[in-house]
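Here is the structure we will look at, set down as structure tokens.
The values are calculated or read from the model by the stated rules, or taken from the named source; none is laboratory data. The structure displayed is predicted, hence computed values, not measured ones. A quick note on method: Cβ atoms are made from the backbone with ideal geometry, for glycine too, and the neighbour counts reach across all protein chains shown.
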Amino acid sequence: MNDFLGGADILAWLVLALGAAMAVGNIAALVKPPGKHRDNDLPSAPKARSIAYAVIGIIASIWALATLVSSS
């Protein structure tokens, strides 16, 4: 049962999933900004913050992937 749930690697899998989602979401916000829905919405995502979060997500994903590969 412990193998099915990820066992000791569950934290690495979670960091991989969250890091990848963070990277993909911020890159998508930069590439194709959402349409304007309300008057107070921004016309596009803040570039510096989105790039910083995408880089953090990529680093977390690479780190988690390296952890999973090295533990196998």
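Scanning the range 12-25 for residues that are touching a Gly at 6+ places or on another chain (Cβ under 7 Å) and either over 30 Å from Ser71 (Cα atoms) or modelled with pLDDT under 95 (or both) gives a single hit, Trp13.
Selection of the range 55-72 for residues being under 19 Å from Ile10 (Cα atoms) and either in a loop (DSSP other than H, G, I, E, B) or among the β-branched types (Val, Ile, Thr) (or both) yields Ile58, Ile59, Ile62, Thr67, Val69, Ser72. Within the range 19-36, being surrounded by fewer than 12 Cβ atoms within 10 Å (Cβ to Cβ) and either in contact with a helix residue (DSSP H, G or I) (Cβ under 9 Å, 6 or more places away or on another chain) or not in a loop (DSSP other than H, G, I, E, B) (or both) holds for one residue alone: Val31. How many of the residues making up the range 37-54 are at pLDDT 85 or above and either in a helix (DSSP H, G or I) or in contact with a helix residue (DSSP H, G or I) (Cβ under 7 Å, 6 or more places away or on another chain) (or both)? Number satisfying all stated conditions: 8. Within the range 38-53, residues that are surrounded by 10 or more Cβ atoms within 10 Å (Cβ to Cβ) sit with their Cβ atoms under 7 Å from residues that are part of a loop (DSSP other than H, G, I, E, B), at 6+ positions apart or across chains, in these pairs: Ser44/Pro33; Ala45/Pro33.
Taken together, the criteria exclude Ala66 from residues that are without any contact (Cβ under 8 Å) to a residue 24 or more places away in the chain and surrounded by 15 or more Cβ atoms within 10 Å (Cβ to Cβ).
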